[in-house]
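Structure, as structure tokens:
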Amino acid sequence: MAPGPAPGHRTPACYHAGTLRHSPATPARAPISHAKFLKTPMNIVILAAGQGKRMHSDLPKVLHPLAGRALLAHVLATAHALKPEAI
């Protein structure tokens, strides 16, 4: 049987009833300005490697097809949708 909490231990109020609330010990953070975030320049680096040996294939992992396109094509499409300055 796992040991219970230490004597005198109290569960922080923010964990009661399965909800996460800020207790006085953990002040709320200021909300992030989405407008400011969207104006911040973004660059994307895609780390794509793997020989596909565990897939028993001569084709590199990133070129294996998924839903009619190479895995890397899915990643690139998502990256382009974010409209970065550079990929």
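The values are calculated or read from the model by the stated rules, or taken from the named source; none is laboratory data. These numbers come from a predicted model, not from an experiment. Cβ: placed from backbone, ideal geometry, glycine included. Neighbour counts: every protein chain shown.
Within region 46-76, being outside any helix (DSSP H, G or I) and touching a residue at least 12 places away in the same chain (Cβ under 8 Å) holds for ILE46, ALA48, ALA49, GLY50, GLY52, HIS64. Looking only at residues of region 42-53 that are of a type outside the set (Gly, Ala, Ser) and modelled with pLDDT under 85, we find that the one that is nearest to ALA79 (Cα to Cα) is GLN51.
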